[in-house]
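The values are calculated or read from the model by the stated rules, or taken from the named source; none is laboratory data. This structure is a prediction, so every number in the text was calculated from the model and none was measured. All Cβ positions, glycine included, derive from the backbone under ideal geometry; neighbour counts span all protein chains shown.
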Amino acid sequence: MKLIIKGGRIIDPSQQLDKTADLLIEDGRVKSIEDSSNDDGVEVFDASGLIVTPGFIDLHVHLREPGEEYKETITSGAAAAVAGGFTSICAMPNTRPVNDNASVTRFIIDKAREAGLARVYPVGAITRESKGEELAEMAEMKEAGAVAVSDDGRPVMDSQVMRHAMEYARDHGLVVVDHCQDLHLAAGGVMNEGRYSTLLGLKGMSNAAEQSHVARDIMLAEMTGARVHIAHISTASSVELVRRAKRQGLAVTCEVTPHHLALTDAAVVGFDTNTKMSPPLRSEEDRAALIEAVRDGTIDAIATDHAPHHSDEKMLEYDLAPSGVVGLETALGVALTVLHHSSAVPIARIIEMLTIGPARAFSLTGGSLAVGSPADITVFDLERAWTVDSQRFKSKSRNTPFAGWKLTGQVSETFIAGQRVRG
Amino acid sequence: MAFTRKDLLGIRELSVEEINTILDTAESFKEVSARTIKKVPALRGKTVINLFFEASTRTRTSFEIAAKRLSADAVNISASTSSVSKGESLIDTAQNLQAMAPDAIVIRHPSPGVPHQLSRMVSASIINGGDGAHEHPTQALLDAFTIREHKGRIAGLQVAIVGDIMHSRVARSNAHLLTRLGAHVRIAGPRTLIPIGYEKLIENSEGSLTVSDHVDEAIAGSDVVMMLRIQRERMTDAFFPSLKEYSVQYGLTLRRLELASSDCIVMHPGPVNRGIEISSEVVDSARSLILDQVTNGVAVRMAILFLLIGTESQ
């Protein structure tokens, strides 16, 4: 089986590659990159005028299966992923039951294989039922296919438990992913604490609630030598803490969501519950600091924190509605519009954060078009303008804060192991 | 000027002209309540639903009387008797109410923003009767009406608002309204109960909003002192150590009131905790306009109902 992706601008930050060329694929792997190629009798995908990159990797997705299939299933989530150009997604463990043992891990992997779309990498829980008390069976989950551990959404508050989790995860070569939030300091909060929470009378979550937890995790990383990944970083001081940790040589990485790059807490005025997420949308100063951290390389990955919720749930009172927004199908458009078209972040840097950046953070295969790599490829149009219509999402849920937004930059095709999967 | 809004959701959205239109209209309605036959036919055939998800005696009764004095049919629904307590969602509530074709819905709800959400789902006029710690526009309007009645103006006045600022929708709505009309508002209370950045709350304002470090500083030279109710449960949430300490440190006594201007008036949105945020002597003194506020509440709510749903019959 041969395929040529012809005449596209191939950008692969893993090998500092940026040139217009033909990408030759054979038996599901990258065979070569040629200036010109003979396409006799070979399937050709015309990529002229388009950008060709390694398939995108999302470190932070909620697939809701098992347990909340009315919000999303592994199949619908994987379909949303490939629609958005993601060939690999990491599934967070806060399902019902929690992915805190190998049987749940295997279930997720089997379901993903049946779906046959994006590659799904389960993230196991740090603690049993993510209760923050006893360690989950990390080694068994790793053997079953888990790539990292996290108690996402229910941060480990007991620092001694977190220390042990890091020590144990290090033994087993697992990255510890933390949703950084001091639950006491943020108690009852439903949005960012600041002028807008004061204006709207909604209870705020302070920047300090995130930063104090980031600082703790960095100290524990230093003490234990564990690899720590800060999920959906959202404040100026948090990125400064990570910047310093990296300078110090610690194994600390972080990700940012498209919505924290694009929106601020001003969006909450009007009480649209699709502006409610955790961490919350922050201030304009924080947003600007995140874009700077993208530019200077402090941020390793763009991750969506794709969090589907049924519209019945999102139609509740603001303080009662669940937190989270879907993101897989708008991530590229939002990232290109906000980072490249509006803030002049180089295109290669953005692609790095969608490909080799996340691959390295979790030691995943992929994220590269090096010869012999699996032919997971995303092709997109940097200049194509489109309007977000949530009714057309492949995801089962519609909870996006970007409905009606005009974005510039859209996925054209997604290939997994050389097969077109976007449909 | 004409009042063309569908809803009254908050003070923040209102222009100076709209605020003055409401206050002027209220003035003409105040006289109705002084008549022997306290009724005019302005809203005959209109239906007003009072939908209260929080306990309230004063506001609900005030709206009910206002509607009835304008000859509207007023229906009260409280959360305990409606199907809301049986797990009905906001949108189901909205659709059911809509099906009964009311002209106005007065809503009080513990969650900020519910009136705004509801206004997008129903065609009736929505009047915010208090949404969580967000806004309580009719209270602020009746407070402004009362101040204007006694002081002849609002612009240039020094107003102190003291107490639990954080959880107070009355303080927020008054901060918007009084500063928009040119008053200088000083906020005071325990720092634990003043949200960060409160002084940046206001916009498009002729007046000013400042946060004082001490109650005495806020009250000094004030023309108006507005005390807010302190709730017992704030104590268990570690906002302050005890009610006794609160009353000494932050309560309004005759002695503390001496710091204010000699013709200072005292207001309170009620219900009053005598001896806690305000002493009985102050409540019962000639300075206190607490009952005038209640009286004026009816006139102001008549004005709001009339301006929102009475235009066709005009």
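Worth a mention:
- Among residues of segment B:21-76 being farther than 21 Å from residue B:126 by Cα and more than 22 Å from the chain's Cα centre (by Cα), the one that is surrounded by the fewest Cβ atoms within 10 Å (Cβ to Cβ) is B:36.
- Matching residues, segment A:230-280, being closer than 23 Å to residue A:189 by Cα and out of contact with any helix residue (DSSP H, G or I) (no Cβ under 8 Å at 6 or more places or on another chain): A:231, A:257, A:272, A:278
- Qualifying residue in segment A:270-281 (condition: in a strand (DSSP E or B) and either of a type in the set (S, T, N, Q) or in contact with a Ser or Thr (Cβ under 6 Å, 6 or more places away or on another chain) (or both)): no
- Residue match in segment B:279-295 (condition: basic (Lys, Arg) and at pLDDT 95 or above): yes
- Residues in segment B:94-124 that are β-branched (Val, Ile, Thr) and more than 10 Å from chain A (Cβ to nearest Cβ) were compared, and the one that is surrounded by the most Cβ atoms within 10 Å (Cβ to Cβ) is B:106.
- Within segment B:140-148, not a single residue is farther than 26 Å from residue B:24 by Cβ and touching a residue at least 24 places away in the same chain (Cβ under 8 Å).
- Scope segment A:92-123; condition in contact (Cβ under 8 Å) with a residue 60 or more places away in the chain and part of a strand (DSSP E or B); matching residues: A:119, A:121
- Per the conditions (1) crowded, with 24+ Cβ neighbours inside 10 Å; (2) of a type outside the set (Ser, Thr, Tyr); (3) within 14 Å of chain A (Cβ to nearest Cβ), the sole criterion not satisfied by residue B:127 is (3).
- Per the conditions (1) without any contact (Cβ under 8 Å) to a residue 60 or more places away in the chain; (2) outside any helix (DSSP H, G or I); (3) of a type outside the set (Val, Ile, Thr); (4) more than 14 Å from chain B (Cβ to nearest Cβ), the sole criterion not satisfied by residue A:187 is (4).
- Picking from residues in segment B:261-278 that are within 15 Å of the chain's Cα centre (by Cα) and either at positive phi or buried (at least 22 other Cβ atoms within 10 Å of the Cβ) (or both), the one that is modelled with the lowest pLDDT is B:270.
- Number of positions in segment B:287-314 that are more than 17 Å from residue B:23 (Cβ to Cβ), within 22 Å of the chain's Cα centre (by Cα) and part of a loop (DSSP other than H, G, I, E, B): 1
- Residue count, segment A:44-68 (criterion: touching a strand residue (DSSP E or B) at 6+ places or on another chain (Cβ under 9 Å), closer than 25 Å to residue A:395 by Cα and small (Gly, Ala, Ser)): 1
- Taken over segment A:365-379, the residue count meeting the criterion of being within 18 Å of the chain's Cα centre (by Cα) and buried (at least 20 other Cβ atoms within 10 Å of the Cβ) is 6.
- Check on residue B:136, crowded, with 24+ Cβ neighbours inside 10 Å and under 27 Å from residue B:213 (Cβ atoms): yes
- Elements of type strands (runs of 3 or more DSSP E) contained in segment B:183-233, each with 3 or more residues being touching a helix residue (DSSP H, G or I) at 6+ places or on another chain (Cβ under 8 Å) and buried (at least 20 other Cβ atoms within 10 Å of the Cβ): B:184-188, B:224-227
- Residues satisfying the stated conditions in segment A:284-307, i.e. part of a loop (DSSP other than H, G, I, E, B) and out of contact with any strand residue (DSSP E or B) (no Cβ under 9 Å at 6 or more places or on another chain): A:296, A:297
- Count of residues meeting criterion [more than 9 Å from every other protein chain (Cβ to nearest Cβ) and surrounded by fewer than 21 Cβ atoms within 10 Å (Cβ to Cβ)] in segment A:315-327: 2
- Close pairs (8 angstrom Cβ cut-off, 6 or more residues apart or separate chains): part of a loop (DSSP other than H, G, I, E, B) and at pLDDT 95 or above in segment A:321-350, aromatic (Phe, Trp, Tyr) and surrounded by fewer than 22 Cβ atoms within 10 Å (Cβ to Cβ) anywhere: A:330/A:405
- Unique residue being within 29 Å of residue A:175 (Cα to Cα) and among the aromatic types (Phe, Trp, Tyr) when the list is A:362, A:402: A:362
- Applying a threshold of 7 Å to beta carbon distances and a minimum spacing of six or more residues, or different chains, the list of pairs starting in segment A:193-220 at a residue that is more than 14 Å from chain B (Cβ to nearest Cβ) and buried (at least 24 other Cβ atoms within 10 Å of the Cβ) and ending at one that is part of a helix (DSSP H, G or I) and of a type in the set (Lys, Arg) is empty.
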